[in-house]
Structure formats: structure tokens, C-alpha cells
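Contents: one structure, followed by commentary.
A short reminder: the numbers here are calculations on the coordinates, not readings from a lab. Here the structure is a predicted model, which is why all the values come from computation and not from measurement. Because the Cβ atoms are built from the backbone with ideal geometry, glycine has one as well, and the counts that use them run over all protein chains shown.
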Amino acid sequence: MALKIQALHVGTLKDFPTAAITFQRGFGTTHDVAMIMFLVTGGEHPVIVDTGTGDPEFTAKYHGYNLVRPPEQEPRVVLERAGVDPAEVGTVINTHLHWDHCSNNDMFPNARIVVQSEELKYAVDPLEPNLAAFERLPGILPPWVRALDRITTVRGDAEIMPGLSVVHLPGHTPGSQGVLIQGEESRYLLAGDCVDTHVNWAGDDRLSHIPSGAFTDLHAYMDSFKKIEQLNCSVIPSHDLKVLEKGTYV
Ligand SMILES: [Zn+2]
């Protein structure tokens, strides 16, 4: 069965430090970063891959970033425009448990939430430099905890439904995973933050692919790039505004 992917725009982080996205490149410069919730339709039920951030006030208070989210980019509004009732969503997949990928998990009351086992374990007790990214912060509960009762874990690569499987891509975090989706015209990989932008995947004169500036294991990260090369697929990055220009992938 051919599946369809829609990239839904749920906000933009303005003036984000470029070196945090492209490994040791662009120090002192900033750019705007897309927050994207992916909707996959054509299967038994709608699937959501990554659920985006909290609201701008929360983002400023706990992460210090300027999130711009006009009313038409509110997650509920975006889903309604796409014709999806959150209660119909049967599966949510988190590429990883960083705050900007799982903060609206609790919006989907009937979905099972698919996470790599290693990711869940790391998110409970991350190393100190990673505490904020997983929202292990004083006085608040991490967003994935609000839907903990619906989380199911996988270990490594696994088929989730016909035409859609998860692929373990560690490096950015221990349990980062991509989502491999068979469309009618192509096979796609929603790469999570293993590939933040097209620039990361395209590489430059020094590297065939550029890692994120944030990672827990650079060895694993470079192996994950090799693994993606073998998948024979079109790579869709997680945070590139250009992904929203095309918007629909079939
Ligand atoms: Zn991340």
C-alpha cells in the first residue's frame, strides 16, 4: 500500500545558532529552524511522526529560544486543516525524545507511541549536558512522561505497519530512529535529527555528510550515515524550512 507524507508546519525557532545544527560550522551565525510534525496517511489509520514543541512562552522560559507560532501553526489547527482528528491517530512515532520532537504526544489519546528502548532509558537519566534537551529540569515533568502509559518500545529496526518501518540511527541520541516509508513514487526516510537539514545530508568539501552539533556518540553517528546510504531512499530532514515548501511526499 502506498503511503503519503505531509510535512505540517508547527512553528519556527528564530535566530537559532547555526553551529548547533551543522557540526563546527557557522559559529557566530544564526538561521531559522522549522518545527515539523509529519502526518502519514494511506494506511489503516493516520500516523504522526514527531509532535513538536510546547508553546512559545514555555520554549522561551525553559530553553531560551524564540519560537514563533502564529495561530494557523497551532498543532490542533494544523491537524484540523489536514482533516485529521487527533483521536483517530493510531500510532505516534518519536524519532527521539528531545523536547522539540515529543511535546504534544499527549494530544493523541488513542495512539500507541513508538520509541526506541534505548532512547527511553537515556531520557530518564541523561548526562548533564543533555538534561535540558530531554526536559529533565527542576519543577517540570518531561513531555513524554505525560503520555507514558501509551509508550511501546522497539529495539533496533522494526516494521510498524505495511510500508512503514523504523530504523535505528543512533548518534544524535542513543535511541534516535528514522522512519522509512514507502510512497507511490519513492521510498522516503524521515531522518529525525540524524539529518537536520538538506545541507547536513549534502555535506561540503570536508565531509560527505555533516552531523548535528549535538550528539551523544560520534562513532555511532557516522555509522548511521553509512546505514542511510544503504537504504536507497530520499532523505527528508527534520528541521529544514525547504521540506515545508514541497510539503507533500508521495
Ligand atoms: Zn534532537
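Can you name every residue in the stretch 83-100 that is in contact (Cβ under 8 Å) with a residue 40 or more places away in the chain, away from the ligand (no atom under 16 Å from the Cβ) and surrounded by fewer than 24 Cβ atoms within 10 Å (Cβ to Cβ)?
If we filter the stretch 83-100 for residues that are in contact (Cβ under 8 Å) with a residue 40 or more places away in the chain, which is where we start, we get 84, 88-100.
This time we only want the ones that are away from the ligand (no atom under 16 Å from the Cβ), so: 84, 88-92.
Answer for the stretch 83-100, where residues must be in contact (Cβ under 8 Å) with a residue 40 or more places away in the chain, away from the ligand (no atom under 16 Å from the Cβ) and surrounded by fewer than 24 Cβ atoms within 10 Å (Cβ to Cβ): Val84, Glu88, Val89, Gly90, Thr91.
Within the stretch 216-250, restricting attention to residues that are farther than 29 Å from Gly43 by Cα, within 16 Å of the ligand (Cβ to nearest atom) and without any contact (Cβ under 8 Å) to a residue 60 or more places away in the chain, which residue is nearest to the chain's Cα centre (by Cα)?
Within the stretch 216-250, the match that is nearest to the chain's Cα centre (by Cα) is Tyr221.
Suppose we filter Ala20, Ala7, Ala2 for residues that are of a type in the set (Gly, Ala, Ser), under 19 Å from the mean Cα position of the chain (by Cα) and closer than 19 Å to Leu189 by Cβ; which single one remains? Before you say what the answer is, go through the steps one by one.
Working: Ala20 fails: closer than 19 Å to Leu189 by Cβ; Ala2 fails: under 19 Å from the mean Cα position of the chain (by Cα).
Matching residue, one of Ala20, Ala7, Ala2: Ala7.
Please verify whether the stretch 49-59 includes one or more residues that are surrounded by 13 or more Cβ atoms within 10 Å (Cβ to Cβ), closer than 18 Å to Tyr249 by Cα and among the hydrophobic types (A, V, I, L, M, F, W, C).
Looking for residues that are surrounded by 13 or more Cβ atoms within 10 Å (Cβ to Cβ), closer than 18 Å to Tyr249 by Cα and among the hydrophobic types (A, V, I, L, M, F, W, C), one finds at least one in the stretch 49-59, hence yes.
How many residues does the stretch 108-138 hold that are over 30 Å from Asp85 (Cβ atoms), within 16 Å of the ligand (Cβ to nearest atom) and not in a loop (DSSP other than H, G, I, E, B)?
Residues flagged as over 30 Å from Asp85 (Cβ atoms), within 16 Å of the ligand (Cβ to nearest atom) and not in a loop (DSSP other than H, G, I, E, B) within the stretch 108-138 amount to 4.
If we keep just the residues of the stretch 202-238 that are in contact with an Asp or Glu (Cβ under 6 Å, 6 or more places away or on another chain) and closer than 22 Å to Glu118 by Cβ, which is surrounded by the fewest Cβ atoms within 10 Å (Cβ to Cβ)?
Only one residue fits best here, namely Ser212.
When you go through Val199, Val166 one by one, which is the residue that is within 16 Å of His239 (Cα to Cα) and crowded, with 19+ Cβ neighbours inside 10 Å?
The unique qualifying residue is Val199.
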